[in-house]
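Since the structure comes first, as structure tokens, the remarks are kept for the end.
The values are calculated or read from the model by the stated rules, or taken from the named source; none is laboratory data. Predicted model only: the values in this text are computed from it and were never measured. These area figures cover heavy atoms from the full protein model, side chains too; ligands, DNA and RNA do not enter into them. Shrake-Rupley method; radii C 1.70, N 1.55, O 1.52, S 1.80 Å.
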Amino acid sequence: MSEAILGSLQARIRAAAAAKTPLVIRGAGTRDFYGQAIDGDVLDMAPYAGIVDYDPTELVVTARAGTRVAEIDAALQASGQMLGCEPPRFGAQATLGGLVATGLSGPRRPYAGAVRDIVLGVRLLDGKGDDLAFGGRVMKNVAGFDIARLMTGALGTLGVLTEVSLKCLPLPKAETTRVLECPVDVAIRMMNEWGGKSLPISATCHYAGHLAVRLSGSPPAVVAAATRIGGSAMAEGPQFWERIRDQSHPHFRAAIETGAPIWRLSVKATAPHRDLGGEKLIEWGGALRWLVAGPRTDSTEVRGWAKGNGGHATLFHAADKSAGAFHPLPEAVHQLHRRLKSTFDPAGILNRGRFYPDF
């Protein structure tokens, strides 16, 4: 059955390439908001689903692109394991293909690695419909690993992911969340100080004068760190971090419902706070800052501030993305992206324009 579905996908891609008809790759559609809006015939990946192989002793799981992330999570948790990057879902039907194609990581990312750090291998269909495989299912097999990483975060513009192998991690033995009251500048300073110490921190979040810190690890280490950090215990810590991960926290929810712009600012952790005319939520020890834009927010100022602090700004969620979803690339890098696109997708049919108008 799975090979018949794969054959059907190949035939669709080959026909689209011959007619130069753009294709929109979609699993559950939970991440359609990310990047520029695109048009084309939908290539439905949802039917190509299922866990292909999972060996807890090897800490590796392999699944087809249409597999729901919730299904993978359930299988891993039953064996006391997890995906270390804590990927966001944005919906109960979120699929593995969308997870890898967007390359977005959750609160645990600075402490356990990004999505591309756990991708061991991929199988994909390129823009000609050819079935290609890169990497492997075990951590010691790294043949073609760079190509597998290249596909992570490529938003489907280079190929249609069909199968992915991921590295897993053991679940922490103990976990707790502490909350401290402090202004934003103090929170940034403390998060950076903690980053230089051997503390079992697995997530941080500052919002509305409160700094939440999640501690994960062995029971003695977690207890000792909680005493050292201070503050008070958060009773609903797991639910809080799920809301941050999936952007159902009030900071995001109202903006998403109204279409207000949400900016994702990836900067150096030590970047000082600056009023950009909106409300901020800060994660990743200070390195990730979510700005819900206000009337005074200016896209040029936002991107200029991010660039000046060693990073970039993405218009993550907005009803109007005329300012461009992604930070403009230097010309040399832009041309490199275009060459990669032409190599993997010569007819330019796969998620055309998701990043920039010309690829």
Report, to the nearest 10°, how far helix 331-344 tilts away from the longest principal axis of the Cα atoms in the chain, using its own Cα long axis and a range of 0 to 90°.
-> 50 degrees
Using a 1.4 angstrom probe, figure out how much accessible area the chain has per residue, in square angstrom, rounded to the nearest whole.
-> 43 Å²
Which percent of the accessible heavy-atom area of the chain goes to carbon and sulfur, probe 1.4 angstrom?
-> 53 percent
Can you check what the Kirkwood hydrodynamic radius comes to for the chain, Cα pairs only, in Å to one decimal?
-> 21.3 Å
Over the Cα atoms of the range 202-288 the radius of gyration and the largest Cα-Cα distance (Dmax), both in Å, equal 14.5, 45
By what distance, in whole Å, do the Cα atoms of the range 272-351 stretch along each of the three principal axes, largest value first?
-> 44, 27, 22
For the Cα atoms of the chain, what angle does the longest principal axis make with the long axis of helix 184-195, in degrees from 0 to 90, nearest 10?
-> 80 degrees
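Can you divide the C-alpha Rg of the range 73-142 by 2.2 N^0.38 Å and report the result to two decimal places?
For the range 73-142, the normalised Cα radius of gyration is 1.23.
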Give me Rg over Rh for the range 73-194, both radii from the alpha carbons and Rh done the Kirkwood way, two decimal places.
-> 1.06
log10 I(q)/I(0) for the range 141-206, Debye formula on C-alpha points only (no solvent), q = 0.16, 0.22, 0.28 Å⁻¹, two decimals, reads -0.82, -0.93, -1.32
Calculate the translational D of the range 161-251 in whole µm² s⁻¹ from Stokes-Einstein, where the hydrodynamic radius comes from the Kirkwood formula applied to all Cα pairs, the temperature is 37 °C and the viscosity 0.692 mPa s.
-> 229 µm²/s
Consider just the alpha-carbon atoms of the range 209-359 and return their Rg together with their Dmax, both in angstrom.
-> 19.0, 59
Can you list, bin by bin at 10 Å, the percent of alpha carbon pairs in the range 11-56, starting at 0?
-> 21, 40, 28, 9, 1
